[in-house]
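Have a look at the structure below, then the notes.
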Amino acid sequence: MKGAKGAAPAYGWVVTIVVWLTGISMPLNMLKVSILAPVIMEAFSVDTDAMSWVIATFYIMGMILALPGAVVVDRIGKKATFVLSLVCALIGGALGYIAQDIGLFIVSRIIEGIGFGLVTTAAVPAISAWFAPEHRGVPLGVWAINVTAAFLIGPNLFSQIYAATGSYHDVWALSFAFDAVVLVAVLALYREPAFTFDDHGQRVALADGSARASAPKKGVLKRVLTQPAVLLVAAIFFCEEVPFLGMSNFLTTYAAQETDLTLPVMSTIISVMAIVGCVVNPLSGMISDKIKSNKKLMVISCIGGTVYAWLVFQATTVQAFIPVILCNALAGGIIPTMVMASIPKVVKDPADIAGATAVVLFAQQLASFLGSRVLGLIVATYGSFAVAGQFFMAPIFALGLVILVLGWKKLP
(Lines give C-alpha, C1' and ligand atoms only; values in the text may rest on other atoms or scores of the structure.)
Protein backbone atom coordinates (compact mmCIF):
# COMPACT_ATOMS: atom_id res chain seq x y z
CA MET A 1 0.00 0.00 0.00
CA LYS A 2 1.48 3.33 -1.10
CA GLY A 3 0.79 6.98 -0.42
CA ALA A 4 1.51 10.14 -2.33
CA LYS A 5 5.11 10.90 -3.10
CA GLY A 6 6.75 12.63 -0.15
CA ALA A 7 3.52 12.75 1.83
CA ALA A 8 3.81 12.54 5.60
CA PRO A 9 1.05 12.66 8.22
CA ALA A 10 0.72 15.84 10.26
CA TYR A 11 1.64 13.76 13.31
CA GLY A 12 5.21 13.82 12.06
CA TRP A 13 5.32 17.44 13.18
CA VAL A 14 4.03 16.49 16.64
CA VAL A 15 6.94 14.07 16.94
CA THR A 16 9.34 16.73 15.62
CA ILE A 17 8.24 19.26 18.28
CA VAL A 18 8.43 16.68 21.07
CA VAL A 19 11.93 15.67 20.00
CA TRP A 20 12.87 19.35 19.65
CA LEU A 21 11.74 20.07 23.22
CA THR A 22 13.87 17.16 24.41
CA GLY A 23 16.76 18.68 22.49
CA ILE A 24 16.25 22.08 24.14
CA SER A 25 16.17 20.66 27.67
CA MET A 26 19.71 19.26 27.41
CA PRO A 27 21.59 22.46 26.43
CA LEU A 28 19.50 24.38 28.98
CA ASN A 29 20.87 22.00 31.62
CA MET A 30 24.34 22.67 30.26
CA LEU A 31 23.89 26.46 30.28
CA LYS A 32 22.66 26.80 33.85
CA VAL A 33 26.19 26.13 35.12
CA SER A 34 27.91 28.25 32.46
CA ILE A 35 25.70 31.27 33.17
CA LEU A 36 25.88 30.96 36.96
CA ALA A 37 29.52 29.86 37.13
CA PRO A 38 30.62 32.72 39.47
CA VAL A 39 27.77 31.86 41.84
CA ILE A 40 28.60 28.13 41.79
CA MET A 41 32.30 28.88 42.36
CA GLU A 42 31.46 30.94 45.43
CA ALA A 43 28.96 28.40 46.75
CA PHE A 44 31.43 25.52 46.59
CA SER A 45 34.63 27.54 47.10
CA VAL A 46 36.33 26.39 43.90
CA ASP A 47 38.61 28.28 41.52
CA THR A 48 38.26 29.03 37.82
CA ASP A 49 40.28 26.02 36.71
CA ALA A 50 38.09 23.61 38.68
CA MET A 51 34.99 25.32 37.35
CA SER A 52 36.19 24.99 33.77
CA TRP A 53 36.29 21.22 34.22
CA VAL A 54 32.81 21.20 35.73
CA ILE A 55 31.56 23.05 32.65
CA ALA A 56 33.53 20.76 30.31
CA THR A 57 31.87 17.69 31.84
CA PHE A 58 28.94 18.00 29.44
CA TYR A 59 31.16 18.09 26.38
CA ILE A 60 33.28 15.22 27.67
CA MET A 61 30.24 13.03 28.34
CA GLY A 62 28.82 13.91 24.94
CA MET A 63 32.08 12.88 23.29
CA ILE A 64 32.35 9.64 25.29
CA LEU A 65 28.76 8.62 24.62
CA ALA A 66 28.49 9.68 20.98
CA LEU A 67 29.55 6.40 19.39
CA PRO A 68 28.11 4.06 22.07
CA GLY A 69 24.91 6.10 21.78
CA ALA A 70 24.25 4.48 18.41
CA VAL A 71 24.35 1.06 20.06
CA VAL A 72 21.99 2.27 22.80
CA VAL A 73 19.48 3.55 20.23
CA ASP A 74 19.87 0.35 18.24
CA ARG A 75 19.19 -1.85 21.27
CA ILE A 76 16.46 -0.04 23.20
CA GLY A 77 14.87 2.12 20.50
CA LYS A 78 14.48 5.87 20.03
CA LYS A 79 11.63 6.52 22.45
CA ALA A 80 13.37 4.65 25.26
CA THR A 81 16.54 6.63 24.53
CA PHE A 82 14.69 9.93 24.92
CA VAL A 83 13.11 8.69 28.16
CA LEU A 84 16.53 7.58 29.46
CA SER A 85 18.02 10.98 28.58
CA LEU A 86 15.32 12.86 30.45
CA VAL A 87 15.46 10.53 33.46
CA CYS A 88 19.22 11.22 33.65
CA ALA A 89 18.49 14.94 33.45
CA LEU A 90 15.99 14.66 36.31
CA ILE A 91 18.26 12.57 38.54
CA GLY A 92 21.25 14.80 37.83
CA GLY A 93 19.21 17.94 38.39
CA ALA A 94 17.91 16.65 41.72
CA LEU A 95 21.43 15.77 42.90
CA GLY A 96 22.69 19.19 41.83
CA TYR A 97 19.90 20.84 43.80
CA ILE A 98 20.74 19.03 47.04
CA ALA A 99 24.55 18.97 46.61
CA GLN A 100 26.47 20.37 49.57
CA ASP A 101 29.95 19.75 48.18
CA ILE A 102 31.63 19.98 44.80
CA GLY A 103 32.08 16.19 44.57
CA LEU A 104 28.34 15.45 44.52
CA PHE A 105 27.78 18.45 42.28
CA ILE A 106 30.22 17.03 39.70
CA VAL A 107 28.46 13.65 39.91
CA SER A 108 25.19 15.44 39.16
CA ARG A 109 26.75 17.03 36.09
CA ILE A 110 28.07 13.68 34.87
CA ILE A 111 24.59 12.15 35.10
CA GLU A 112 23.03 15.15 33.33
CA GLY A 113 25.78 14.87 30.73
CA ILE A 114 24.77 11.28 29.98
CA GLY A 115 21.34 12.54 28.96
CA PHE A 116 22.93 15.26 26.85
CA GLY A 117 25.13 12.71 25.08
CA LEU A 118 22.28 10.45 23.99
CA VAL A 119 19.64 12.82 22.63
CA THR A 120 21.00 13.82 19.22
CA THR A 121 21.86 10.25 18.26
CA ALA A 122 18.18 9.35 18.52
CA ALA A 123 16.74 12.66 17.28
CA VAL A 124 17.76 12.58 13.62
CA PRO A 125 16.45 9.06 12.88
CA ALA A 126 13.30 9.76 14.95
CA ILE A 127 12.40 12.80 12.85
CA SER A 128 13.62 11.38 9.54
CA ALA A 129 11.36 8.35 9.84
CA TRP A 130 8.27 10.56 9.37
CA PHE A 131 9.41 12.49 6.28
CA ALA A 132 10.48 11.49 2.79
CA PRO A 133 14.16 12.26 1.99
CA GLU A 134 13.28 15.27 -0.20
CA HIS A 135 11.15 16.81 2.57
CA ARG A 136 13.43 16.37 5.59
CA GLY A 137 15.25 19.70 5.31
CA VAL A 138 12.64 21.80 7.11
CA PRO A 139 11.92 19.44 10.06
CA LEU A 140 15.63 18.78 10.55
CA GLY A 141 16.18 22.53 10.26
CA VAL A 142 13.70 22.98 13.10
CA TRP A 143 15.59 20.37 15.11
CA ALA A 144 18.89 22.13 14.39
CA ILE A 145 17.83 25.31 16.22
CA ASN A 146 17.52 23.47 19.54
CA VAL A 147 20.90 24.62 20.85
CA THR A 148 20.50 28.12 19.40
CA ALA A 149 17.08 28.44 21.01
CA ALA A 150 18.51 27.32 24.35
CA PHE A 151 21.24 29.97 24.08
CA LEU A 152 18.60 32.54 23.23
CA ILE A 153 16.38 31.63 26.20
CA GLY A 154 18.72 30.35 28.89
CA PRO A 155 21.23 33.13 29.68
CA ASN A 156 18.67 35.88 30.16
CA LEU A 157 16.13 33.66 31.95
CA PHE A 158 18.61 32.12 34.37
CA SER A 159 20.25 35.47 35.12
CA GLN A 160 16.89 37.07 35.85
CA ILE A 161 15.79 34.22 38.12
CA TYR A 162 19.00 34.46 40.12
CA ALA A 163 18.76 38.26 40.29
CA ALA A 164 15.20 37.96 41.60
CA THR A 165 15.75 35.18 44.15
CA GLY A 166 19.46 35.23 44.96
CA SER A 167 19.64 31.43 44.80
CA TYR A 168 20.88 29.17 42.03
CA HIS A 169 18.61 26.45 43.45
CA ASP A 170 15.61 28.15 41.85
CA VAL A 171 17.20 27.78 38.43
CA TRP A 172 17.75 24.07 39.10
CA ALA A 173 14.13 23.73 40.22
CA LEU A 174 12.85 25.36 37.02
CA SER A 175 15.05 23.12 34.86
CA PHE A 176 13.82 20.07 36.77
CA ALA A 177 10.20 21.06 36.17
CA PHE A 178 10.81 21.63 32.46
CA ASP A 179 12.55 18.26 32.09
CA ALA A 180 9.62 16.58 33.87
CA VAL A 181 7.07 18.20 31.54
CA VAL A 182 9.07 17.15 28.47
CA LEU A 183 9.33 13.58 29.82
CA VAL A 184 5.53 13.44 30.14
CA ALA A 185 5.23 14.77 26.57
CA VAL A 186 7.57 12.07 25.25
CA LEU A 187 5.71 9.31 27.08
CA ALA A 188 2.33 10.56 25.92
CA LEU A 189 2.97 11.80 22.39
CA TYR A 190 6.04 10.16 20.87
CA ARG A 191 5.42 7.30 18.48
CA GLU A 192 7.04 5.54 15.53
CA PRO A 193 5.44 5.72 12.07
CA ALA A 194 3.69 2.60 10.76
CA PHE A 195 5.26 3.15 7.34
CA THR A 196 8.56 3.68 5.59
CA PHE A 197 9.58 5.29 2.30
CA ASP A 198 10.63 3.45 -0.83
CA ASP A 199 13.40 4.49 -3.22
CA HIS A 200 11.00 6.82 -5.01
CA GLY A 201 10.00 8.70 -1.85
CA GLN A 202 6.55 7.10 -1.60
CA ARG A 203 5.08 5.99 1.70
CA VAL A 204 4.87 2.22 2.07
CA ALA A 205 2.83 0.77 4.94
CA LEU A 206 4.58 -1.75 7.17
CA ALA A 207 2.69 -4.98 7.68
CA ASP A 208 3.85 -5.21 11.29
CA GLY A 209 3.75 -1.49 12.12
CA SER A 210 6.68 0.28 13.65
CA ALA A 211 8.19 -2.90 15.04
CA ARG A 212 9.78 -3.73 11.74
CA ALA A 213 11.17 -0.23 11.34
CA SER A 214 12.85 -0.32 14.73
CA ALA A 215 14.21 -3.85 14.62
CA PRO A 216 17.89 -3.66 15.63
CA LYS A 217 20.72 -4.68 13.39
CA LYS A 218 24.11 -5.67 14.71
CA GLY A 219 27.34 -3.96 13.76
CA VAL A 220 25.83 -0.55 13.01
CA LEU A 221 29.02 1.39 13.85
CA LYS A 222 31.19 -0.93 11.78
CA ARG A 223 28.92 -0.39 8.80
CA VAL A 224 28.78 3.41 8.97
CA LEU A 225 32.51 3.79 9.60
CA THR A 226 33.17 2.09 6.28
CA GLN A 227 30.94 4.54 4.38
CA PRO A 228 33.12 7.43 3.07
CA ALA A 229 30.24 9.89 2.78
CA VAL A 230 29.49 9.60 6.51
CA LEU A 231 33.13 10.34 7.36
CA LEU A 232 33.15 13.30 4.94
CA VAL A 233 30.09 14.86 6.59
CA ALA A 234 31.65 14.34 10.04
CA ALA A 235 34.96 15.89 8.93
CA ILE A 236 33.24 18.95 7.43
CA PHE A 237 31.19 19.44 10.60
CA PHE A 238 34.32 19.12 12.75
CA CYS A 239 36.15 21.79 10.73
CA GLU A 240 33.23 24.18 11.05
CA GLU A 241 32.49 23.57 14.74
CA VAL A 242 36.05 23.91 16.11
CA PRO A 243 36.34 27.61 15.19
CA PHE A 244 32.64 28.44 15.47
CA LEU A 245 32.17 27.09 19.01
CA GLY A 246 35.63 28.18 20.12
CA MET A 247 35.06 31.78 19.07
CA SER A 248 31.51 31.82 20.45
CA ASN A 249 32.81 31.05 23.93
CA PHE A 250 35.26 33.97 23.82
CA LEU A 251 33.09 36.76 22.39
CA THR A 252 32.37 38.45 25.73
CA THR A 253 36.02 38.04 26.83
CA TYR A 254 37.21 39.65 23.58
CA ALA A 255 34.74 42.51 23.98
CA ALA A 256 35.88 43.16 27.56
CA GLN A 257 39.61 43.02 26.81
CA GLU A 258 39.96 44.59 23.37
CA THR A 259 36.91 46.83 22.78
CA ASP A 260 34.91 49.52 24.54
CA LEU A 261 31.69 47.52 24.20
CA THR A 262 29.97 46.88 27.53
CA LEU A 263 28.82 43.44 28.61
CA PRO A 264 25.10 44.27 28.08
CA VAL A 265 25.85 45.52 24.56
CA MET A 266 27.90 42.46 23.69
CA SER A 267 25.24 40.20 25.19
CA THR A 268 22.65 41.91 22.97
CA ILE A 269 24.83 41.32 19.90
CA ILE A 270 25.12 37.63 20.83
CA SER A 271 21.33 37.44 21.29
CA VAL A 272 20.81 38.97 17.84
CA MET A 273 23.15 36.33 16.42
CA ALA A 274 21.03 33.64 18.06
CA ILE A 275 17.77 35.11 16.73
CA VAL A 276 19.10 35.33 13.18
CA GLY A 277 20.42 31.77 13.49
CA CYS A 278 16.98 30.54 14.56
CA VAL A 279 15.55 32.00 11.35
CA VAL A 280 18.31 30.72 9.06
CA ASN A 281 18.19 27.10 10.33
CA PRO A 282 14.72 26.15 9.02
CA LEU A 283 14.99 28.57 6.08
CA SER A 284 18.12 26.80 4.82
CA GLY A 285 16.30 23.48 5.19
CA MET A 286 13.43 24.81 3.08
CA ILE A 287 15.83 26.04 0.39
CA SER A 288 17.75 22.76 0.32
CA ASP A 289 14.49 20.86 -0.18
CA LYS A 290 13.63 23.19 -3.08
CA ILE A 291 16.99 22.92 -4.86
CA LYS A 292 17.45 19.27 -3.81
CA SER A 293 21.01 19.84 -2.63
CA ASN A 294 22.70 20.10 0.76
CA LYS A 295 26.28 20.54 -0.42
CA LYS A 296 25.59 23.74 -2.36
CA LEU A 297 24.41 25.45 0.80
CA MET A 298 27.36 23.96 2.69
CA VAL A 299 29.65 25.87 0.32
CA ILE A 300 27.94 29.14 1.23
CA SER A 301 28.22 28.28 4.93
CA CYS A 302 31.92 27.40 4.74
CA ILE A 303 32.71 30.65 2.93
CA GLY A 304 30.58 32.62 5.38
CA GLY A 305 32.35 30.95 8.29
CA THR A 306 35.79 31.77 6.92
CA VAL A 307 34.83 35.43 6.53
CA TYR A 308 33.25 35.40 10.01
CA ALA A 309 36.47 34.11 11.59
CA TRP A 310 38.48 36.76 9.72
CA LEU A 311 36.24 39.65 10.81
CA VAL A 312 34.88 38.86 14.28
CA PHE A 313 37.95 39.73 16.35
CA GLN A 314 38.55 42.91 14.37
CA ALA A 315 35.09 44.36 15.07
CA THR A 316 35.19 46.96 17.83
CA THR A 317 31.90 48.82 17.31
CA VAL A 318 28.25 47.85 17.00
CA GLN A 319 28.30 48.90 13.34
CA ALA A 320 31.32 46.69 12.66
CA PHE A 321 29.43 43.71 14.08
CA ILE A 322 26.63 43.95 11.47
CA PRO A 323 28.52 41.99 8.77
CA VAL A 324 29.83 39.71 11.52
CA ILE A 325 26.25 38.85 12.52
CA LEU A 326 25.37 38.04 8.91
CA CYS A 327 28.41 35.80 8.45
CA ASN A 328 27.71 34.17 11.82
CA ALA A 329 24.24 33.25 10.52
CA LEU A 330 25.73 31.66 7.41
CA ALA A 331 28.27 29.71 9.46
CA GLY A 332 26.13 28.65 12.41
CA GLY A 333 22.70 28.62 10.81
CA ILE A 334 23.29 26.58 7.67
CA ILE A 335 25.90 23.93 8.45
CA PRO A 336 24.05 22.17 11.33
CA THR A 337 20.88 21.89 9.24
CA MET A 338 22.70 20.67 6.13
CA VAL A 339 24.71 18.15 8.12
CA MET A 340 21.64 16.72 9.84
CA ALA A 341 19.70 16.65 6.57
CA SER A 342 22.60 14.90 4.83
CA ILE A 343 22.88 12.04 7.32
CA PRO A 344 19.78 10.08 6.20
CA LYS A 345 20.85 10.52 2.57
CA VAL A 346 24.44 9.28 2.85
CA VAL A 347 23.72 5.99 4.62
CA LYS A 348 23.00 2.87 2.63
CA ASP A 349 20.30 1.61 5.00
CA PRO A 350 17.81 3.66 7.08
CA ALA A 351 18.73 1.45 10.03
CA ASP A 352 22.19 3.07 9.92
CA ILE A 353 20.93 6.64 10.47
CA ALA A 354 21.49 6.45 14.24
CA GLY A 355 25.02 5.12 13.72
CA ALA A 356 25.88 7.83 11.21
CA THR A 357 24.42 10.46 13.55
CA ALA A 358 26.62 9.10 16.33
CA VAL A 359 29.76 9.48 14.19
CA VAL A 360 28.83 13.06 13.28
CA LEU A 361 27.93 13.82 16.91
CA PHE A 362 31.31 12.51 18.06
CA ALA A 363 33.00 14.92 15.63
CA GLN A 364 30.87 17.78 16.95
CA GLN A 365 31.53 17.01 20.62
CA LEU A 366 35.25 16.63 19.97
CA ALA A 367 35.16 20.02 18.25
CA SER A 368 33.25 21.48 21.20
CA PHE A 369 35.87 20.18 23.60
CA LEU A 370 38.84 21.34 21.52
CA GLY A 371 37.52 24.66 20.18
CA SER A 372 37.80 26.82 23.29
CA ARG A 373 41.05 25.19 24.38
CA VAL A 374 42.72 25.67 21.01
CA LEU A 375 41.60 29.29 20.75
CA GLY A 376 42.57 30.02 24.35
CA LEU A 377 46.04 28.57 23.80
CA ILE A 378 46.56 30.62 20.63
CA VAL A 379 45.48 33.84 22.35
CA ALA A 380 47.74 33.09 25.32
CA THR A 381 50.67 32.40 22.98
CA TYR A 382 50.28 35.36 20.61
CA GLY A 383 48.42 37.79 22.86
CA SER A 384 45.87 38.64 20.19
CA PHE A 385 42.34 37.52 19.40
CA ALA A 386 42.69 38.93 15.88
CA VAL A 387 45.69 36.70 15.14
CA ALA A 388 43.79 33.68 16.45
CA GLY A 389 40.75 34.44 14.29
CA GLN A 390 42.49 35.41 11.06
CA PHE A 391 45.41 33.01 10.92
CA PHE A 392 44.13 29.95 12.80
CA MET A 393 40.34 29.82 13.01
CA ALA A 394 39.65 31.09 9.46
CA PRO A 395 41.94 28.46 7.88
CA ILE A 396 40.16 25.70 9.84
CA PHE A 397 36.84 26.93 8.43
CA ALA A 398 38.42 26.97 4.96
CA LEU A 399 39.68 23.41 5.45
CA GLY A 400 36.05 22.34 5.73
CA LEU A 401 35.43 23.86 2.30
CA VAL A 402 38.43 21.97 0.87
CA ILE A 403 37.10 18.67 2.25
CA LEU A 404 33.67 19.50 0.83
CA VAL A 405 35.06 20.12 -2.65
CA LEU A 406 37.26 17.00 -2.58
CA GLY A 407 34.29 14.84 -1.58
CA TRP A 408 31.75 16.62 -3.77
CA LYS A 409 30.55 13.59 -5.73
CA LYS A 410 29.84 11.57 -2.58
CA LEU A 411 27.71 14.25 -0.88
CA PRO A 412 23.99 14.97 -1.40
Between V272 and T317, what is the FRET efficiency for a Förster distance of 22 Å, r being their Cβ-Cβ separation, to the nearest 0.05? 0.90
A 1.4 Å probe over the protein heavy atoms gives the chain a carbon and sulfur accessible-area percentage of 70 percent
If you wrap a convex hull around the C-alpha atoms of segment 255-407 and split its volume per residue, what is the figure in Å³? 116 Å³
A chain fully extended from M286 to R373 at 0.36 nm per residue, minus the present Cα-Cα distance, gains in nm 27.8 nm
Semi-axes of the equivalent ellipsoid of segment 1-126: what are they in whole Å, largest first, if each equals the square root of 5 times a C-alpha gyration tensor eigenvalue? 34, 14, 12
Would you grab the residues whose amide H sits under 5 Å from the one on Q202? Only those 5+ places off in sequence or on another chain, please, with H modelled 1.01 Å from N. G6
Taking the solvent-accessible surface of protein heavy atoms with a 1.4 Å probe, what is the per residue accessible area of the chain in Å²? 41 Å²
State the Kirkwood hydrodynamic radius of the chain in Å, one decimal place, computed from all pairs of distinct Cα atoms. 21.6 Å
Listed peptides 236-246, 15-25, 32-42 by packing density, highest first (mean Cβ within 10 Å): 236-246, 15-25, 32-42
Return the distance in nm (one decimal) between the two label points of a simple spin-label model at I153 and K296, each offset 7 Å from Cα along Cα→Cβ. 3.4 nm
Ratio Rg/Rh [Cα only; Rh per Kirkwood] for segment 73-171: 1.07
What's the magnitude of the charge dipole for the chain around its Cα centre, counting Lys and Arg as +1 and Asp and Glu as -1 at the beta-carbon? Answer in Debye, nearest 20. 1660 debye
Scaled radius of gyration (Cα, divided by 2.2 N^0.38 Å) that segment 331-412 gives: 1.33
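Mind ranking 102-109, 256-263 by how tightly packed they are, going by the mean number of other C-beta atoms within 10 angstrom, highest first?
Taking the mean over residues of other Cβ atoms within 10 Å, the ranking is 102-109, 256-263.
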Work out the FRET efficiency for V279 and D170 from their Cβ-Cβ distance, taking R0 = 30 Å, and round it to the nearest 0.05. 0.45
Which entries of K32/K292; K79/K296; K32/K345; K32/K79; K32/K410 have Cα-Cα distances beyond 31 Å here? K32/K292; K79/K296; K32/K345; K32/K410
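The values are calculated or read from the model by the stated rules, or taken from the named source; none is laboratory data. None of these values were measured; they are calculated from a predicted model. Note: ideal-geometry Cβ built from the backbone for every residue, glycine included; neighbour counts use all protein chains shown. Surface areas here come from the heavy atoms of the whole protein model, side chains and all, with no ligands, DNA or RNA. Shrake-Rupley method; radii C 1.70, N 1.55, O 1.52, S 1.80 Å.
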